[in-house]
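Notes to accompany the following structure.
The values are calculated or read from the model by the stated rules, or taken from the named source; none is laboratory data. As the structure is a computational prediction, the values presented were derived from the model and not from experiment. Cβ sites come from the backbone with ideal geometry, for glycine too, and all protein chains shown count toward neighbours.
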């Protein structure tokens, strides 16, 4: 992770931001040798699953025994 002084960051902010977006590497900005801020690339928020979104892919079987045959079902016991 690269570090820059606040003066260098202020003078080259647009270039630094472009480089962060391109390389996806964070930069720590320091003031008098102490880190004050970390500039990181933007990552979109993860979406949360929506209940029922995949409902059209689900098939509800009323009778779960007959597709296999009763003898195969009983063999699994």
Any residue at all in the stretch 50-69 that's under 30 Å from residue 14 (Cα atoms) and either surrounded by 10 or more Cβ atoms within 10 Å (Cβ to Cβ) or at pLDDT below 75 (or both)?
no
Considering only residues that are in contact with a strand residue (DSSP E or B) (Cβ under 6 Å, 6 or more places away or on another chain) and assigned to a helix (DSSP H, G or I), which ones fall in the stretch 21-39?
none
